[in-house]
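Notes follow the structure.
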Amino acid sequence: MPIIAFYSKDSNLELQNEWENRLQVHYPLLNLVPLLSNEAENAITALLWKAPLDRVKKLNNLKCLISLGQGVDHILKDNVIDKKIPVVRIVDPFMAKSMSHWVIMSVLNFTRDTFGYHNQQKNKIYKNRKEIDFTTLKIAVYGIGAIGSVVAKDLKQLGFKVHGWSRTQKKIPGIDCFVGTDKFRDLLKYCDIHICLLPLTLETNNIFCNSAFKIMKHGSCFINAGRGEQVVEEHLIENCKSGHISSAILDVYRKEPLPKKSKLWDQENIRIWPHVAAETNPETAAKQIANAIECIENNKLPPNTIARELGY
Ligand code: NAP
Ligand code: GLV
């Protein structure tokens, strides 16, 4: 019976039981144990979200690490984990759609000036505000992988002009796709709405800093559901304060939970979401995780094993 070490955020036993039940539907033999328990010493696989990596490193029988999310930065952090151990991530169409809904909501809140109308309501003001012509708006989606490609296509369906940016050249019908630093800067200058759906790597760390924000058009909208470390938060606040960025919608932060003392909370044109844009759904993700565990049991490399050298 494969023993799987489990850790999600705060080592929640109820959540562990839910995952075990879901996984056993597809692989009845497996057994989840808490990462911090003695039984975990015998684990061949670990199922992790933001786990204490010093503990993971000490488990000598591990043959594979599985991320409980689509991102793996929480496992690769600080290079603690042996590079020879395969790291597998979830790639779930449910999560891509869920993210797409969140991004569409954020974009439409910007284009329809939802918060301007909410403020008017507080003062009982019944009057139309300047409408943005959505056909002229240009959107950039930075990161057009499993999630970003779905978001880009769905925004295109709504009638927006959508551009995508990735590391390797992509071809997506109806989306203008670009690669490279020069094109990144061109998109920053050219587009009105900027959506970050990049994984956190050495290359994407701090990618949205003053030198990026300053060349965006005055009044741009910035949306981040990638990772907090991709944004220099002081620079974003500075650009929101001046109105150069007219609206920022954030789901991820350098430090999570976002500390009460963070100035992001107080900036009126910044919207704060607590990392919920696309949460992992045990029901839809269980099958692929069970399959990954079975692959490891049979000495096969599971699908969605990440490229360690790329960091995603
Ligand atoms: P993915 O399939 O690996 O796609 C990543 C995309 O980013 C790819 O298009 C990739 O280019 C591009 N990219 C990576 N490094 C780049 C670089 N240096 N320059 C330009 N483009 C680069 O990842 P995913 O499943 O879509 O997820 C993306 C990220 O979303 C995750 O890593 C995670 O941080 C975040 N996320 C957030 C939430 C949330 O709730 N907020 C939920 C899920 C995921 P190639 O196509 O050329 O490889
Ligand atoms: C969430 O942030 C994920 O990476 O799945």
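The values are calculated or read from the model by the stated rules, or taken from the named source; none is laboratory data. Not measured: the values here are computed from a predicted model. Note: ideal-geometry Cβ built from the backbone for every residue, glycine included; neighbour counts use all protein chains shown. What goes into the accessible areas is simple: the full protein's heavy atoms, side chains included, and nothing from ligands, DNA or RNA. Shrake-Rupley method; radii C 1.70, N 1.55, O 1.52, S 1.80 Å.
Quick rundown of the values:
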{"item": "Any hit, the stretch 184-195, residues being open to solvent by 10 Å² or more (accessible area, probe 1.4 Å) and among the hydrophobic types (A, V, I, L, M, F, W, C)", "result": "yes"}
{"item": "Matching residues in the stretch 278-299 - criterion: being of a type outside the set (Val, Ile, Thr), assigned to a loop (DSSP other than H, G, I, E, B), more than 30 Å from Ser246 (Cα to Cα) and within 16 Å of ligand 2 (Cβ to nearest atom)", "result": "Asn281"}
{"item": "Scope the stretch 60-79; condition over 13 Å from the mean Cα position of the chain (by Cα) and open to solvent by 10 Å² or more (accessible area, probe 1.4 Å); matching residues", "result": "Asn60, Asn61, Leu62, Lys63, Leu76, Lys77, Asp78, Asn79"}
{"item": "Residue in the stretch 1-23 that is outside any helix (DSSP H, G or I), of a type in the set (D, E, K, R), free of Cβ contacts under 8 Å to residues at least 24 places away in the same chain and more than 16 Å from ligand 1 (Cβ to nearest atom) present", "result": "yes"}
{"item": "Any hit, the stretch 63-75, residues being of a type in the set (Val, Ile, Thr), outside any strand (DSSP E or B) and within 16 Å of ligand 1 (Cβ to nearest atom)", "result": "yes"}
{"item": "Every residue from the stretch 91-135 that is free of Cβ contacts under 8 Å to residues at least 24 places away in the same chain and of a type in the set (S, T, N, Q)", "result": "Thr114, Asn119, Gln120, Gln121, Asn123, Asn128"}
{"item": "Residues satisfying the stated conditions in the stretch 145-172, i.e. in a loop (DSSP other than H, G, I, E, B), away from ligand 2 (no atom under 16 Å from the Cβ) and in contact with a helix residue (DSSP H, G or I) (Cβ under 8 Å, 6 or more places away or on another chain)", "result": "Leu158, Gly159, Phe160, Lys170"}
{"item": "Hey, Leu48 of a type outside the set (D, E, K, R), touching a Phe, Trp or Tyr at 6+ places or on another chain (Cβ under 9 Å) and open to solvent by less than 30 Å² (accessible area, probe 1.4 Å) or not", "result": "yes"}
{"item": "Subset tally (residues that are open to solvent by 30 Å² or more (accessible area, probe 1.4 Å), in contact (Cβ under 8 Å) with a residue 12 or more places away in the chain and more than 22 Å from Gln70 (Cα to Cα)) for the stretch 137-172", "result": "5"}
{"item": "In the stretch 245-254, the residues that are buried (at least 17 other Cβ atoms within 10 Å of the Cβ) and either assigned to a loop (DSSP other than H, G, I, E, B) or charged (D, E, K, R) (or both)", "result": "Asp251, Val252, Tyr253"}
{"item": "Tally of residues being within 14 Å of ligand 2 (Cβ to nearest atom) and either open to solvent by 20 Å² or more (accessible area, probe 1.4 Å) or among the polar types (S, T, N, Q) (or both) across the stretch 255-277", "result": "6"}
{"item": "Yes/no for Leu29 being free of Cβ contacts under 8 Å to residues at least 40 places away in the same chain and either closer than 20 Å to Cys295 by Cα or assigned by TED's automatic domain parsing to the domain that holds Asp192 (or both)", "result": "yes"}
